[in-house]
Structure formats: C-alpha cells, structure tokens
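Okay, structure first, notes after.
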Amino acid sequence: MRPYLKIRNLELKTPLMLASGTWGLGENLDLYLTKEEIKSNIGAFVSKGISRFPKKGNPPPRLYETPCGLINSIGLENPGLEVFKKDYLPKLLSYEVPLIINLHGEEVEDFVALAEGFKEEKVDGIELNISCPNVKKGGIAFSSDPKGVKTLVKEVRKVWERFLAVKLSPVGPVYEIAEICEKEGVDALVVANTYPALGVIGLAPLKVIKGGLSGPAIKPLTLRLVYELAQKVKLPIIGSGGILSGKDALEYLVCGAKAFQIGVANLIDPTSAVKIIQEMEELKKKHGLFG
Ligand SMILES: Cc1cc2nc3c(=O)[nH]c(=O)nc-3n(C[C@H](O)[C@H](O)[C@H](O)COP(=O)(O)O)c2cc1C
C-alpha cells in the first residue's frame with residue numbers, strides 16, 4: 001500500500017500520530033487495541049520525552065482539569081536512555097509502527113548524546129522538545145532563544161540523518177524559530193506543545209499548579225498557529241492541540257497540517273485513534289476532500 005505521507009525515511013500509513021507523554025511508554029497499548037488496529041490506524045508513535053538519565057518528575061499534583069482542558073506538570077518523568085532502550089523499545093518496535101523518539105535535554109550536548117544513543121536502533125526519527133530550559137543559558141527555554149535553537153538543530157543534524165522534527169512551543173518567537181528550523185534542515189514542525197498555564201487548587205492558603213495546558217481549550221489557538229505557519233514555511237506541519245474527533249483532525253489538515261498528533265484524547269479513551277481515523281475518513285468522503 002502506498003504510504004499516506006513520506007517525509008525523508010518516515011513513511012506514515014495514516015496522518016495520525018500518538019503525541020508524546022499521553023500513552024505512557026506503550027505498556028498498555030495492546031490492552032485496548034489489537035495489533036492490527038494499531039498498525040492500520042496509527043501512522044506513528046511519538047515516545048514520551050526521553051532524557052539521558054532517569055528523571056523522577058515533579059511531586060503531585062501533576063494533573064489538573066480545567067473547563068475543556070488539562071494542565072499537566074509531569075516534569076518529564078522517564079527511565080532515561082539506557083533503561084528505555086533495554087526495557088521498552090523492543091515492545092514498541094514489535095508493533096511495526098514507525099517510532100519517533102521525543103528527546104528532552106537541558107543543554108545541546110544532551111540532545112546530541114541522545115541522538116547518538118538512538119543511532120544504532122531501528123527508530124524512524126526524533127522529535128526535539130524545545131520547551132525544555134537550557135541550563136547553560138541560565139534556564140531560558142530553547143523556544144525563547146532562536147540562536148539556541150539554531151545551534152541545537154545544527155549539532156543534532158551532524159549526528160542524525162533520519163527524520164528530524166522540532167516540536168515548537170506556542171509561545172515565544174515562534175515564526176522566527178520555524179524559519180530557522182527550515183534553514184537548518186529540519187524535516188517537519190510539530191505545532192505545538194502545551195501552553196503555560198496555572199490552576200488554583202487551594203484558595204486560602206493559596207496553592208497553585210503551574211504546567212502546560214492541552215485539550216480542546218487550546219485547539220483554536222494552535223489552529224491559528226498552524227494556519228499562519230503553513231503560509232510562511234514550506235516544511236510539513238504536524239498539528240497537535242485539542243484533537244478529540246475526526247472533525248477536529250480534518251480541521252487541522254484543511255488549515256495546512258500534513259499530519260496530526262492526538263494527546264489528551266488518548267487519556268480520555270485509549271481507543272480514540274481508531275475512532276478518529278474512521279470519523280475523519282467518512283468526513284473526507286462526504287466533503288470530497290484530499291482525493
Ligand atoms: C500528561 C501529558 C504529558 C506530556 N508529556 C510530553 C512530553 O514528554 N514531551 C512533549 O514534547 N510533550 C508532552 N506533552 C504534550 C503533548 O504531547 C501534546 O503536544 C499536547 O498535549 C497537545 O495536544 P492535546 O491537546 O491533543 O493533548 C504531554 C501532554 C500531557 C497531557
């Protein structure tokens with residue numbers, strides 16, 4: 001079967017990807033979906049953010065529900081590169097679905113070491129999470145620092161020839177960073193990560209949770225970014241933000257995205273991928289969209 005989309009070596013059977021951090025490390029995927037359902041509906045997996053060394057993440061509370069949204073403050077808990085490769089990668093690869101590794105680093109050297117660490121593995125690509133703070137620059141997020149992103153992409157490209165995506169933050173100099181990514185040989189932009197947000201969990205004494213907002217609340221904001229970025233850059237855009245239905249997904253595609261990721265949809269219902277693809281295909285036919 002002809003792939004739905006090919007970007008460098010990455011071949012997607014469908015435009016749907018599972019977004020980073022919203023489906024664990026794949027431990028429970030086959031509790032809800034058959035291997036066939038996974039293979040025929042999920043274009044690619046994007047792993048949880050993987051760092052060089054294990055990370056414990058933040059203390060609770062880590063999740064806070066808002067009207068139409070979810071604030072998360074997981075703190076990028078993950079087992080680190082070596083344990084991930086030994087204990088989780090073999091099962092993920094056994095699904096025969098393209099696998100993209102989301103990388104989390106605190107300095108350029110971390111991202112480079114991680115990319116090198118995956119070179120000998122059968123993974124299809126990497127996605128750089130630039131919402132991480134750059135410790136060498138006093139903790140300012142890579143996403144606020146176009147020069148930092150330029151160096152990051154240049155250095156990673158030196159060691160990584162396969163599919164390379166940058167996951168943009170929706171805040172900061174987004175357009176400037178997108179253009180830098182295009183110039184420096186990135187293959188696709190993931191638009192976008194969560195929005196900085198705060199929830200009040202105690203009034204007196206005041207207790208707050210600071211984290212990233214996702215879910216339907218962010219869909220109109222991210223759709224606007226996708227729409228405008230699609231007119232500014234030639235790079236394929238992968239939309240991510242608030243997709244819960246086939247109609248949401250199609251809205252991203254007609255606004256200029258070539259593929260999309262689903263995040264909180266997986267938390268609400270782990271079979272969402274199948275439902276979203278079915279619904280999207282019906283709507284495409286009904287409206288005569290995309291051939
Ligand atoms: C619980 C949770 C954990 C997440 N972990 C990561 C992560 O490790 N790396 C990353 O780049 N994005 C992470 N994200 C962001 C999602 O991948 C996605 O981009 C975002 O939630 C927007 O999509 P959605 O509205 O469909 O959820 C996380 C989101 C949630 C809700």
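The numbers here are math on the coordinates, done by the rules we state, and not lab data. Computed from a predicted model, the values in this text were never measured in an experiment. Every residue, glycine as well, gets a Cβ built from its backbone with ideal geometry; the counts of neighbours run over all protein chains shown.
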Could you name every one of the strands (runs of 3 or more DSSP E) located completely within the range 35-86 that has at least 1 residues being of a type in the set (F, W, Y) and crowded, with 20+ Cβ neighbours inside 10 Å? 44-46, 63-66
Would you tally the residues in the range 14-33 being under 18 Å from I101 (Cβ atoms), of a type in the set (A, V, I, L, M, F, W, C) and part of a loop (DSSP other than H, G, I, E, B)? 3
Select from the range 66-110 the residues that are within 13 Å of the ligand (Cβ to nearest atom) and in contact with an Asp or Glu (Cβ under 9 Å, 6 or more places away or on another chain) and list them in ascending order. I71, P79, I100, I101, N102, L103, H104
Residue under question is F290, and the condition is that it be outside any helix (DSSP H, G or I), away from the ligand (no atom under 16 Å from the Cβ) and aromatic (F, W, Y); does it hold? yes
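Within the range 111-134, how many residues turn out to be of a type in the set (A, V, I, L, M), over 16 Å from the mean Cα position of the chain (by Cα) and away from the ligand (no atom under 14 Å from the Cβ)?
Let us first name the residues in the range 111-134 that are of a type in the set (A, V, I, L, M), namely 112-115, 123, 126, 128, 130.
Subsequent filtering for residues that are over 16 Å from the mean Cα position of the chain (by Cα) retains 112-115.
From what is left, the residues that are away from the ligand (no atom under 14 Å from the Cβ) are 112-113, 115.
Final tally of qualifying residues: 3.
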So G241 fits all but one of (1) under 22 Å from S51 (Cα atoms); (2) within 12 Å of the ligand (Cβ to nearest atom); (3) surrounded by 21 or more Cβ atoms within 10 Å (Cβ to Cβ); what number is the exception? (1)
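Residues in the range 182-192: is at least one within 25 Å of G69 (Cβ to Cβ) and among the basic types (K, R)?
Within the range 182-192, the subset within 25 Å of G69 (Cβ to Cβ) is 189-192.
From the residues that got through so far, the ones that are among the basic types (K, R) too are none.
No - not one qualifying residue is present in the range 182-192.
Just the residues that are more than 17 Å from the chain's Cα centre (by Cα) and either within 10 Å of the ligand (Cβ to nearest atom) or touching a residue at least 40 places away in the same chain (Cβ under 8 Å) (or both), please, taken from the range 263-277.
So the first thing to find is which residues in the range 263-277 are more than 17 Å from the chain's Cα centre (by Cα), and the list is 268-269, 271, 274-277.
Across the range 263-277, the qualifying residues are I268, T271, V274, I276, I277.
For the range 205-246: of the residues being among the basic types (K, R) and more than 17 Å from I268 (Cα to Cα), which is farthest from the chain's Cα centre (by Cα)?
Going through the range 205-246, the residues among the basic types (K, R) turn out to be 207, 210, 219, 224, 232, 234.
Right, trim to more than 17 Å from I268 (Cα to Cα) and you get 207, 210, 224, 232, 234.
On the way: K207: 29, K210: 20, R224: 18, K232: 21, K234: 19 Å.
Among residues in the range 205-246 that are among the basic types (K, R) and more than 17 Å from I268 (Cα to Cα), the one farthest from the chain's Cα centre (by Cα) is K207.
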Scan the range 113-154 for residues that are within 13 Å of V186 (Cβ to Cβ) and of a type in the set (D, E, K, R) and jot them down. E127, K150, K154
Could you check, for the range 255-262, whether at least one of its residues is closer than 30 Å to V159 by Cα, near the ligand (Cβ under 8 Å from one of its atoms) and either in contact (Cβ under 8 Å) with a residue 12 or more places away in the chain or among the charged types (D, E, K, R) (or both)? yes
List the residue pairs whose Cβ atoms are under 6 Å apart, where the first residue sits in the range 16-40 and is touching a residue at least 40 places away in the same chain (Cβ under 8 Å), the second is assigned to a helix (DSSP H, G or I) and aliphatic (A, V, I, L, M), and the two are 6 or more positions apart or on different chains. L16/A273; L16/I277; T22/L267; G26/L92; E37/V274
Restricting to the range 146-180, count the residues that are charged (D, E, K, R), in contact (Cβ under 8 Å) with a residue 12 or more places away in the chain and in contact with a Lys or Arg (Cβ under 9 Å, 6 or more places away or on another chain). 3
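Can you go through S144, S94 and tell me which one is more than 30 Å from E27 (Cβ to Cβ) and either surrounded by fewer than 20 Cβ atoms within 10 Å (Cβ to Cβ) or in contact with a Pro (Cβ under 8 Å, 6 or more places away or on another chain) (or both)? Outline the logic, then answer.
Working: S94 fails: more than 30 Å from E27 (Cβ to Cβ).
None of the other options fit; the residue is S144.
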Considering only the range 10-46, state which residues are out of contact with any Ser or Thr (no Cβ under 6 Å at 6 or more places or on another chain), closer than 21 Å to V83 by Cα and within 14 Å of the ligand (Cβ to nearest atom). S20, G21, T22, W23, G24, L25, G26, F45
